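Undergrad: The structure is given below, and queries will be raised subsequently.
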Amino acid sequence: MLPKRVSPYPVFASRLHVYDFTPMNTDYTDSRNLARAITNAFNPFAIFTLLFAAAAFSGAGFVRGLGYLALEFLAASLVAGYVLFMRRRKKVGDFWISTRAERLVPAIFLLAAFAGLLAALYAFAAPESLFLLTLSMGLASGAVALITLLWKASAHSAVAGHSAVAGLVLFGAWGIVFAFFLPAIIWSRVYLGAHTVLQTLAGAFIGTAFALLFLA
């Protein structure tokens, strides 16, 4: 009887079935990475801060504009810090709060931050355009928060839609740069599965409607 042949690579041979040698779909991976990068880079905090800064400097000059921008940074930092605190305590699943049921309390905190920012802008005699810009964005955020109690409208798209219209109304031709964010945001949110097309369009409609109502 011949001796049993032993594999020179026993561990690898015994575990070969657990390895998947199927090549990865690099196009899919690259697209997801791009969509995630767009979502993170063109997030509501970043887009509104850029728009707010442009309105502050154009309407109040450099020195006063810096002061108003500092107020906005403070409000945005409080909101971001609160969400990070909630995430640390496992009250929300991710920073953008993808789960609809987790959005109510952070939304209330966001609206309180907008109210505080509006009070500060009024107290420091901010230009009317800057005050109305902040008010319209705050009300759009409130509308999205109310709808989200029943249906997951896109906050990313609401801010991008608001900024697209507000940029054109406040700054004319060069404000079109803010319009470029909107299609990129809609694509990224849908591609990542965070929203349906209808949810992103609903968010964009809310943002544009409030911008037109208060700024046009």
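The values are calculated or read from the model by the stated rules, or taken from the named source; none is laboratory data. Since the structure is predicted, the reported quantities are computational estimates derived from the model, not experimental observations. With ideal geometry, Cβ positions are generated from the backbone for all residues, glycine too; neighbour counts draw on all protein chains shown.
Undergrad: Output the number of residues of the range 74-119 satisfying the condition of being among the aromatic types (Phe, Trp, Tyr) and surrounded by fewer than 13 Cβ atoms within 10 Å (Cβ to Cβ).
TA: Within the range 74-119, residues that are among the aromatic types (Phe, Trp, Tyr) and surrounded by fewer than 13 Cβ atoms within 10 Å (Cβ to Cβ) number 1.
Undergrad: Same structure, new question: Tally time: how many residues in the range 85-110 are outside any helix (DSSP H, G or I) and of a type in the set (D, E, K, R)?
TA: 5
Undergrad: Then there is this: What are the residue pairs meeting all of these: first residue in the range 93-111, first residue without any contact (Cβ under 8 Å) to a residue 24 or more places away in the chain, second residue of a type in the set (A, V, I, L, M) and assigned to a loop (DSSP other than H, G, I, E, B), Cβ atoms under 7 Å, and 6 or more apart or on different chains?
TA: Between residues of the range 93-111 that are without any contact (Cβ under 8 Å) to a residue 24 or more places away in the chain and residues that are of a type in the set (A, V, I, L, M) and assigned to a loop (DSSP other than H, G, I, E, B), the close pairs are GLU102/VAL92.
Undergrad: Which of the residues spanning the range 120-171 are free of Cβ contacts under 8 Å to residues at least 24 places away in the same chain and crowded, with 18+ Cβ neighbours inside 10 Å?
TA: PHE131, LEU168
Undergrad: Is it fair to say LEU2 is at pLDDT below 95 and under 20 Å from the mean Cα position of the chain (by Cα)?
TA: No; evaluated as a whole, the condition is false for this residue.
Undergrad: Of all residues in the range 48-99, which are of a type outside the set (A, V, I, L, M, F, W, C), under 24 Å from LEU150 (Cβ atoms) and out of contact with any Phe, Trp or Tyr (no Cβ under 8 Å at 6 or more places or on another chain)?
TA: Hits for the range 48-99 are LYS91, GLY93, ASP94, SER98, THR99.
Undergrad: Counting only residues that are touching a Lys or Arg at 6+ places or on another chain (Cβ under 6 Å) and assigned to a helix (DSSP H, G or I), which one in the range 181-216 is surrounded by the most Cβ atoms within 10 Å (Cβ to Cβ)?
TA: Filtering the range 181-216 for residues that are touching a Lys or Arg at 6+ places or on another chain (Cβ under 6 Å) and assigned to a helix (DSSP H, G or I), the one surrounded by the most Cβ atoms within 10 Å (Cβ to Cβ) comes out as THR200.
Undergrad: Taking the options ALA70, ALA53, name whichever one is in a helix (DSSP H, G or I), surrounded by 13 or more Cβ atoms within 10 Å (Cβ to Cβ) and at pLDDT 50 or above.
TA: ALA53
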